[in-house]
1. Could you tell me what fraction of 2.2 N^0.38 Å the Cα radius of gyration of segment 17-64 comes to, as a two-decimal ratio?
2. Starting from the Cα of residue 67, step 7 Å toward the Cβ, then list every residue of segment 24-46 with an amide N under 18 Å from that point.
3. Want the number for residue 96 to residue 55: 0.36 nm per residue separation, take away the alpha-carbon distance, what's left?
4. Run the simple label-point estimate for residue 28 and residue 88 please: 7 Å along Cα→C-beta, distance reported in nm.
Amino acid sequence: MPATQHTGGVMSTVHDAPTYEQQMRLRQLADEKGIAPVTPRTAEEAERQIAFMEARESQDSLTRFVQARQVSRDFARDFGGATQVRDDEIDGFGGDATWA
């Protein structure tokens with residue numbers, strides 16, 4: 001149940017923050033289900049997310065491992081992409097380096 005808080009003469013509603021246990025359960029479920037973890041703002045939102053995640057089918061550890069490895073390889077292969085500084089764009093070394 002939301003609590004009320006007086007701030008500057010104005011009453012505002014403050015929702016209960018998610019508990020530590022809820023946050024840990026969400027992280028655990030995200031890992032088991034192979035989905036990105038979420039950061040709920042309220043305990044009620046955390047409960048809804050937990051129920052949603054528990055209803056999803058779990059991925060086996062091999063599938064999670066293979067997917068993580070593929071992502072790592074993709075990052076290693078395309079590291080930087082268009083934002084990567086190329087050798088022909090700089091002159092000098094270390095602290096003396098300047099844009100060409």
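Laboratory data are not the source of any read-out in this text; all were calculated from the coordinates shown. These numbers were taken from a predicted model, which means no experiment stands behind them. Cβ placement follows ideal geometry from the backbone for every residue including glycine, while neighbour counts extend to all protein chains displayed.
1. Details: Rg = 10.7 Å, N = 48, 2.2 N^0.38 = 9.6 Å.
Rounded to two decimals, the normalised Rg is 1.11.
2. Output list for this probe position: 26-39.
3. Numbers: separation 41, 0.36 × 41 = 14.76 nm, distance 5.71 nm.
That works out to 9.1 nm of additional length.
4. The answer from the label model is 5.5 nm.
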